[in-house]
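Report on one structure; see the data block that follows.
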Amino acid sequence: MADEKKKILVVDDDEGVRDLLAFVIKKEGHSVDTANDGEEAHRKILEAHPDIIVLDLMLPRYGGFELLRQLQRGDLKDVPIIVITGRYTDPSTADMIRQESNVVDLLEKPIKTPRFVEVMNKILEKKNSAEAES
């Protein structure tokens, strides 16, 4: 159903960022799970099949870039990803990240919550439209 809660996984090693995004996602009416490193995230992605993944690139234990590569294969290649980063990303690197098949957007920290909500809702509207058509 188009109106059911969507599952969103937030992957970030910064507890403050995880808590902020979890609060915003819940406020928007969706369920949220979090992971603080790439290894935990990979396990949760395989178990829960989230509708959206919010992925920090700088992670301990199996970093964000490695996880992003894994998410380009098999059943995972269709899961939309919002990449977030606290590091300066030059325009050519940002463009390269955005060109990954399932990366929808790249947001820099500190996260501007209105922009995050806009991106998340755009992804969910597309998913709802696709589900309604099938």
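The values are calculated or read from the model by the stated rules, or taken from the named source; none is laboratory data. No experiment lies behind these values; they were computed from the predicted model shown. Neighbour counts run over all protein chains shown; Cβ positions are idealised from the backbone, glycine included. These accessible areas exclude ligands, DNA and RNA; they are computed on the full protein's heavy atoms, side chains included. Shrake-Rupley method; radii C 1.70, N 1.55, O 1.52, S 1.80 Å.
Any residue in segment 106-134 that's modelled with pLDDT of 90 or more: show its pairings with residues that are part of a helix (DSSP H, G or I) and among the hydrophobic types (A, V, I, L, M, F, W, C) at Cβ separation under 6 Å, as long as the two are six or more apart or on different chains.
That search, which allows pairs on different chains as well, returns Leu106/Ala94; Leu106/Ile97; Thr113/Val24.
If I ask for residues that are at negative phi, in contact (Cβ under 8 Å) with a residue 12 or more places away in the chain and of a type outside the set (A, V, I, L, M, F, W, C), which ones from segment 46-58 would you list?
Pro50, Asp51, Asp56
Looking only at segment 89-105, filter to residues that are free of Cβ contacts under 8 Å to residues at least 24 places away in the same chain and in a helix (DSSP H, G or I); which one of those is farthest from Arg73 (Cα to Cα)?
So the residue we want is Pro91.
Among Arg43, Arg61, which is without any contact (Cβ under 8 Å) to a residue 12 or more places away in the chain, open to solvent by 10 Å² or more (accessible area, probe 1.4 Å) and among the charged types (D, E, K, R)?
Result of the check over Arg43, Arg61: Arg43.
Among the residues in segment 50-57, are any open to solvent by 20 Å² or more (accessible area, probe 1.4 Å) and out of contact with any strand residue (DSSP E or B) (no Cβ under 7 Å at 6 or more places or on another chain)?
No - not one qualifying residue is present in segment 50-57.
Kindly establish whether Met120 is closer than 26 Å to Glu66 by Cα and out of contact with any strand residue (DSSP E or B) (no Cβ under 7 Å at 6 or more places or on another chain).
When the stated conditions are applied, Met120 does not pass them.
Checking Pro114 against (1) open to solvent by 20 Å² or more (accessible area, probe 1.4 Å); (2) in a strand (DSSP E or B); (3) of a type outside the set (S, T, N, Q), only one condition comes out false. Which one?
(2)
On the basis of being touching a helix residue (DSSP H, G or I) at 6+ places or on another chain (Cβ under 7 Å) and part of a helix (DSSP H, G or I), does Glu66 make the cut?
Considered against the rule, which asks whether it is touching a helix residue (DSSP H, G or I) at 6+ places or on another chain (Cβ under 7 Å) and part of a helix (DSSP H, G or I), Glu66 comes out as yes.
Since Lys26 meets every condition but one in (1) within 24 Å of Ser129 (Cα to Cα); (2) open to solvent by less than 40 Å² (accessible area, probe 1.4 Å), which condition does it not meet?
The number of the failed condition is (2).
Could you list all residues from segment 1-23 that are among the basic types (Lys, Arg), touching a residue at least 24 places away in the same chain (Cβ under 8 Å) and open to solvent by 20 Å² or more (accessible area, probe 1.4 Å)?
Scanning segment 1-23 gives Lys5, Lys7.
Do we have any residue at all in segment 66-89 that's more than 17 Å from Ala41 (Cα to Cα), small (Gly, Ala, Ser) and surrounded by fewer than 12 Cβ atoms within 10 Å (Cβ to Cβ)?
Looking for residues that are more than 17 Å from Ala41 (Cα to Cα), small (Gly, Ala, Ser) and surrounded by fewer than 12 Cβ atoms within 10 Å (Cβ to Cβ), one finds none in segment 66-89, hence no.
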